[in-house]
Structures are given as structure tokens and as C-alpha cells.
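Colleague: One structure, as C-alpha cells, below. Some questions next.
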Amino acid sequence: MKSTFKTDRRGFLVAGLASGAALSVGGCIDHSHRPLYSADAHPEDYPTVQAVKEMGRLLKERSEGRLSVKIFSGGQLGSERDTLEITSFGGLDMNRVNLAPLNSIAPMTAIPSLPFLFRSTDHLRRSLDGEPGEAILRSLEPHGLIGLCYYDSGERSFYNTKHPIKSPADMKGMKIRVQNSDLYLAMIKALGADPIPMALGDVYQSLVQGVIDGAENNWPSYESGSHYEAAQYYSLSRHVMAPEALLMSKSRWDKLPKSDQAIVRQAAKDSVPYMRELWDERVTGARTRLIEAGVIVNEVDDLAPFIERMRPVWDRFIVTDEQKRLVKMIEDMGDS
Ligand code: GTR
């Protein structure tokens, strides 16, 4: 990955964390007992942050206080793309991100990001808990990242400042913000709209200023970033269910004794049911609050033209035999 370090306040903060890690390598200062630093783009009360907190609580309890987590929430350490880069070279211990910014780093992460792949939350959860999910997490290791677990991110739908979207024709020429991912760029282009890659933290202002006409996200993010205040049309395309991932820097991981690695893995795993419970509540709550706040929601009655136009994205991003095998395995999974 190419370096994108900036010399702003965040840059110094991150550089500080990184030098702490470097010092511990050099042996000058013992950082082995400091908390694991973890970044999240979401605010403190968001389910992903709360889940990592829960993981930290379990870690502390199970390691007699040796292991703990300190979370830098609200994007304090930078965009997901930036924090991922820092985590992969060891400047940050942990990072909770969506799979999207990993798409161009680890091609296997394109799988759960494919449009209209999952039929339901249950289908998604069973795929991630099973062999496909495990294989995708393992594929991160050569990139300096240990995949600890997935968290839900729900269904992403389009929202915009102009009008309800009912067919791809309604999106023609619209400037739609996307995450930093080639796959997302391709999806939006396939619909005839104009994709604008941008960090989550810049979306609200860009909607207000008309730099973009819309974006796409789940109900909780549409609410927590106040995007609904600027873009009141929320159209239920439910085109992607790409999950979140909790990652650890491989260089930090390799310094942990095997027994602590097992504690970390288990604590992350055990935070998943907790997160799913928080998530389901949060989705229902956000939807209710936003409808009360006057957001104009529409179902997309005919999804076929969206599915048809986005389908070539599958062929472009699913190219290896292993990717194809896992996609097939997910598709063949029955509904429970
Ligand atoms: C959210 C996700 C974030 C980030 C964000 C975005 O749903 O939780 O990790 O990916 O979307 O659109 O940037």
C-alpha cells in the first residue's frame, strides 16, 4: 500500500502511536502492557464501537488485566483507508473497518461486497460464520492484517437530495459518494451515476454543499452521520450487505504469546453475538426515528434492472478459482 501520511494533528497522533510501537520493537520502552489501540470511524455509541469495548472487557477479564483495548472512535485517527494502512505496517494495533476499503488490498474481500449476493441477514451470518468467512479473513494475513471477526453492517441503500430512486434511470448523472473501493466505483458506474470516493466524515458537508447528490449506507450510518438532514430521500435498494471486520496488526499479533493470541481471538469471537443484538436493535431504532423525523422512504418495487446492471461487477471482481468456489458455496447455502 502506498503511504498517505499527512502532517496534520491526526498525523502526529498516529505517528505517536506508531513510534510507541516502534520503541517497543527496539526494546527501549516496554509497551507490552499498554492497551491495544483500536480505531473506528463511528461515534462512541455505535454498535461497532460498543462491540470492540465488550471485546476489551472480555480480554481484560480473561487475561487478569494484562490485555485491554483503548478505542479511538469517531474517525479521530483518520479515514478507514488511512487507519488500515497504519494498522498493516504496525502503527496501530487494531482497526474496525468495513470490507470496502479492503477490496483493492485483498481481492477475496470482494466476495461479501458483491451486489445482491446475500438473500437475508441469516444467509449473510451463516456465510460469514462458515468456511467462506474464515477463508476471507485468512486472506488478509499476507497484507499484514489478522482478521479477528466480522460484525454486521446491515443492508445498504441509496439516499439523495433530489428525488426517490425507483429505477437506475432515476440515478442517471447523479453524483453518488462511495467508499474507497474500485468495486463500489464500478457498481455506481454500472447504474449510470457518477461515483465520488470520499471518507465517511466528509459526506454530510458534501451533501449540504451539493458536492455530491447522494450516497449509500445502512439506516444506522444514515442516522448517525446526520446525512438524513441533508438528503431526505431514502430508497430501499438494499444492494449490498458487506460486513464490518475487526482486524489486528500482524506485527503486534506476532509479538503476543500463543496463549494470548488465543484469548484475543476468542474475545473477538465472543463479542459477535453481542454486536448482532445491538445491531438489530439499532437498525429498528434508526428506521423508526428517521421516519418520524420526516425522511421520505420508498421501496424499490422492481429490483431486476439494478441486479441486471450490477451483475457484470461480479465477473470483473470474481476472477480466481478460489473466489468462484466461495461465491458458489455462499449461493448454494440453503435458507434455514
Ligand atoms: C458504514 C460502515 C463504516 C464505513 C461507512 C462508509 O456503514 O460501518 O465502516 O464503511 O459505512 O460508508 O464509509
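The values are calculated or read from the model by the stated rules, or taken from the named source; none is laboratory data. These numbers come from a predicted model, not from an experiment. Here Cβ is always computed from backbone atoms with ideal geometry, including for glycine, and neighbour counts include all displayed protein chains. Accessible surface is based on the protein model in full, side chains and every heavy atom, while ligands, DNA and RNA are left aside. Shrake-Rupley method; radii C 1.70, N 1.55, O 1.52, S 1.80 Å.
Colleague: Please give me the summed charge of the neighbours of Lys258: other residues whose Cβ is under 15 Å from its Cβ, Lys and Arg +1, Asp and Glu -1. If you can, show how the numbers build up before the last one.
Modeller: Numbers: positive: Arg62, Arg66, Lys250, Arg252, Lys255, Arg265; negative: Asp254, Asp260.
Combined, the nearby Lys, Arg, Asp and Glu give +4.
Colleague: While we're here: Angle check, please: helix 321-332 long axis (alpha carbons) against the longest principal axis of the chain (alpha carbons), in degrees 0 to 90, nearest 10.
Modeller: Compared with the principal axis, the helix lies near 60 degrees.
Colleague: Let me ask you something else. Quick one: order Thr87, Thr320 from most to least accessible surface, probe 1.4 Å.
Modeller: On the way: Thr87 0, Thr320 65 Å².
The ordering from most to least exposed comes out as Thr320, Thr87.
Colleague: If you don't mind, there's one more thing I want to ask. Of the residues Leu102, Leu84, Leu256, which exhibits the maximal mean-square fluctuation in a Gaussian network model of the chain defined by a 10 Å Cα contact cut-off?
Modeller: Among Leu102, Leu84, Leu256, the largest GNM mean-square fluctuation belongs to Leu256.
Colleague: Considering only protein heavy atoms, what is the solvent-accessible area of Met94 at a probe of 1.4 Å, reported in Å² to the nearest 10?
Modeller: Looks like 0 Å² after rounding.
Colleague: Quick one: Kirkwood hydrodynamic radius for the range 80-141, alpha-carbon pairs, angstrom, one decimal? Write down the numbers at each step before the final one.
Modeller: Details: mean 1/r = 0.0795 Å⁻¹.
Result for the range 80-141 stands at 12.6 Å.
Colleague: How long is the gain from Thr320 to Asp194 if the chain were fully straight, where each residue apart is worth 0.36 nm and the alpha carbon distance is subtracted? Let's see the in-between values first.
Modeller: Numbers: separation 126, 0.36 × 126 = 45.36 nm, distance 2.83 nm.
Separation in residues times 0.36 nm, less the Cα-Cα distance, equals 42.5 nm.
Colleague: Under a Cβ-Cβ cut-off of 11 Å, what is the net charge of the residues other than Thr161 that fall near it, where Lys and Arg count +1 and Asp and Glu count -1? Don't skip to the end; give the middle numbers.
Modeller: Numbers: positive: Lys162, Lys175; negative: Asp213, Glu229.
Charge balance near Thr161 sits at 0.
Colleague: Hey, another quick one. Quick one: Kirkwood hydrodynamic radius for the range 190-240, alpha-carbon pairs, angstrom, one decimal? Don't skip to the answer; put the middle values down first.
Modeller: Numbers: mean 1/r = 0.0865 Å⁻¹.
It is 11.6 Å.
Colleague: Would you tally the net charge around Ala215, using a Cβ to Cβ cut-off of less than 10 Å, leaving Ala215 out, and scoring K and R as +1, D and E as -1?
Modeller: On the way: positive: Arg156, Lys175, Arg177; negative: Asp213, Glu216.
Once positives and negatives cancel, what remains is +1.
Colleague: Also: How large is the Kirkwood hydrodynamic radius of the range 55-104, counting all unique pairs of alpha carbons, in Å? Spell out each step's value before the answer.
Modeller: Values: mean 1/r = 0.0821 Å⁻¹.
Result for the range 55-104, one decimal place: 12.2 Å.
Colleague: Additional query: How large is the accessible surface per residue of the chain, computed with a 1.4 Å probe and reported in Å² as a whole number?
Modeller: Values: 14320 Å² over 336 residues.
For the chain, the solvent-accessible area averages 43 Å² per residue.
Colleague: With every protein chain present, what accessible area does Ile296 have (1.4 Å probe, heavy atoms only), rounded to the nearest 10 Å²?
Modeller: Using a 1.4 Å probe on the heavy atoms, I get roughly 70 Å².
Colleague: Another question, if that's okay. Please report the carbon-and-sulfur percent of the accessible area for the range 51-140; probe 1.4 Å, protein heavy atoms only, DNA, RNA and ligands left out. Don't jump to the answer; show the numbers that get you there.
Modeller: Working: 1400 of 2930 Å².
About 48 percent, which is the carbon plus sulfur part of the accessible surface.
Colleague: 222 nm [θ] for the chain, helices only, -39500 (n - 2.57) per DSSP H run of 4+, per residue, to 500? Mind showing how you got there, number by number?
Modeller: Working: 13 runs with 152 residues, N = 336.
Dividing the helical sum by the residues of the chain leaves -14000 deg cm²/dmol.
Colleague: Could you identify which residue out of Gly74, Gly154, Gly65 has the top mean-square fluctuation in a GNM of the chain using Cα springs shorter than 10 Å?
Modeller: Most flexible of the set in this elastic network: Gly65.
Colleague: Then there is this: Starting from the residue with the highest accessible area, list Phe116, Phe306, Phe89 in decreasing order, probe 1.4 Å. Provide the component values of the computation, followed by the final result.
Modeller: On the way: Phe116 50, Phe306 0, Phe89 105 Å².
From most accessible down to least: Phe89, Phe116, Phe306.
Colleague: Rank these residues by their accessible area, most exposed first, probe 1.4 Å: Ser226, Ser235.
Modeller: Details: Ser226 35, Ser235 0 Å².
Sorted by accessible area, descending: Ser226, Ser235.
Colleague: Return an integer: the convex hull volume of the alpha-carbon atoms of the chain, in Å³ per residue. List each step's numbers first, then the result.
Modeller: Numbers: hull volume 44.7 nm³, N = 336.
So the per-residue Cα hull volume is 133 Å³.
Colleague: For the chain, what relative contact order do you get, as a whole percent, if you take Cα pairs closer than 8 Å and at least 6 residues apart?
Modeller: On the way: 592 pairs, mean separation 77.7, N = 336.
After rounding, I find 23 percent.
Colleague: Run the accessible area of the range 210-336 with a 1.4 Å probe and give the carbon-and-sulfur part as a rounded percent. Present the calculation step by step, with values, prior to reporting the outcome.
Modeller: Values: 3090 of 6010 Å².
With neighbouring chains kept in place, the figure for the range 210-336 is 51 percent.
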